Amino acid sequence: MAFTVQADSFRFKPELRSGVAGKRVLITGAGKDRGLGQAFALAAGLNGAAKVGVHFHSSYVDAFDLVAELCKEGVDAFPVHADVTNLGDLWAMRSYVIEQMGGSPPNLLICNSGLTENGYAFGRALRTIPDEQPAVRRARVRQHFIDSLEQSRIVLNTKIDGFLAMTHLWAGEAVYHEEPLQLVYVSSRMAIDPGAQVPGYAISNWAVLQLPKVLAINLGRNAKFVSAMNILPPFIRTGMTDEYAENPAVFGRWQTRMLETHETAEAFLHLMTRPLAELDQGNFEIIVEGQPDDIRLSWKKVHLDLREEAMG
């Protein structure tokens, strides 16, 4: 089995159910065990969602185990296998998802797919190695440059291309079916406060913040069918961040400890209880305060204010 979390941790108070209860929910990047997407799937399914689509790309064992766990709990869940950067894959899954959802498209789409980077010193030359021959150094620097940018390229493609394609696909279906759709984009606090050595991650999450506005402008009169928002979580303990969980030098400027996935999911459902008009076009940041054994979570709305100045 590749399902290691405690499902009961994702059963929340009845007053938190309103944002997901009765919804047809599709979560991208939901396959990874102990991942944030898995947490959203559990939070939706165990708190009243009508349907839960668990999207995955390579984490098929974890994803099928998550679907099995949800079905065991009486949730109407189904797997969705696709590469969000492959447009053929995305188009092929369209009719399957609608069929699984009883002939209607999702009305809550959580775009969560994403990767992070191993880390590299962006814009800085590699340190010299004593007695290294110039030709060897050139080869080493070249390979480091190629490997580093390849990391960033994959991160950028997954986050930007994947979110853009999912938005285009499912917003179009919402307008065609005249069915309301709520889009939630999972960005990162690093979008507004970048961390060191993960340039592709910081840049891709910043780009995501523009999607709600771009979508609304393009939909025009049909914007009444689609609302969109961004959430900007801080550091969360997942399979990708375990190695940093005890290293406050990494996350210490933001929080006294990493959040657990069920804590983040509960905070998300708190946010989803707010009026849709308040959430639409908003960017919402999770704030972590207090000591490790007594943290307090709250939401802060982030405004991206554009300022133009004439030049003499």
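The values are calculated or read from the model by the stated rules, or taken from the named source; none is laboratory data. Treat the numbers as computed from the prediction; the structure is a model and nothing was measured. Note that we place each Cβ from the backbone using ideal geometry, even for glycine, and neighbour counts take in every protein chain shown.
The table below gives the values:
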{"read-out": "Residue check for Val214: among the aliphatic types (A, V, I, L, M) and part of a strand (DSSP E or B)", "value": "no"}
{"read-out": "Residue check, Val5 surrounded by fewer than 20 Cβ atoms within 10 Å (Cβ to Cβ), β-branched (Val, Ile, Thr) and in a loop (DSSP other than H, G, I, E, B)", "value": "yes"}
{"read-out": "Filter result for Glu263 (without any contact (Cβ under 8 Å) to a residue 12 or more places away in the chain and part of a helix (DSSP H, G or I))", "value": "no"}
{"read-out": "Any hit, the stretch 90-100, residues being within 24 Å of Ile231 (Cα to Cα), modelled with pLDDT under 95 and not polar (S, T, N, Q)", "value": "yes"}
{"read-out": "Qualifying residue in the stretch 288-309 (condition: within 17 Å of the chain's Cα centre (by Cα) and either at positive phi or hydroxyl-bearing (Ser, Thr, Tyr) (or both))", "value": "no"}
{"read-out": "Meets criteria (in contact with a Cys (Cβ under 6 Å, 6 or more places away or on another chain), under 19 Å from Ala207 (Cα atoms) and either in a loop (DSSP other than H, G, I, E, B) or not aliphatic (A, V, I, L, M) (or both)) for Phe122", "value": "no"}
{"read-out": "Any pair with Cβ under 9 angstrom, 6 or more apart, that starts in the stretch 124-135 at a residue that is among the β-branched types (Val, Ile, Thr) and ends at one that is outside any loop (DSSP other than H, G, I, E, B)", "value": "Thr128/Arg137; Ile129/Val136; Ile129/Arg137; Ile129/Arg140"}
{"read-out": "Residue check, Gly35 over 15 Å from Leu269 (Cβ atoms) and in contact (Cβ under 8 Å) with a residue 40 or more places away in the chain", "value": "yes"}
{"read-out": "Test result for Ala39, within 19 Å of the chain's Cα centre (by Cα) and under 18 Å from Thr116 (Cβ atoms)", "value": "yes"}
{"read-out": "Condition check for Asp242: free of Cβ contacts under 8 Å to residues at least 24 places away in the same chain, closer than 29 Å to Pro292 by Cα and surrounded by fewer than 16 Cβ atoms within 10 Å (Cβ to Cβ)", "value": "yes"}
{"read-out": "So Asp33, is it of a type in the set (D, E, K, R), on the phi < 0 side of the Ramachandran plot and not in a helix (DSSP H, G or I)", "value": "yes"}
{"read-out": "Total residues in the stretch 206-236, condition aliphatic (A, V, I, L, M) and buried (at least 19 other Cβ atoms within 10 Å of the Cβ)", "value": "9"}
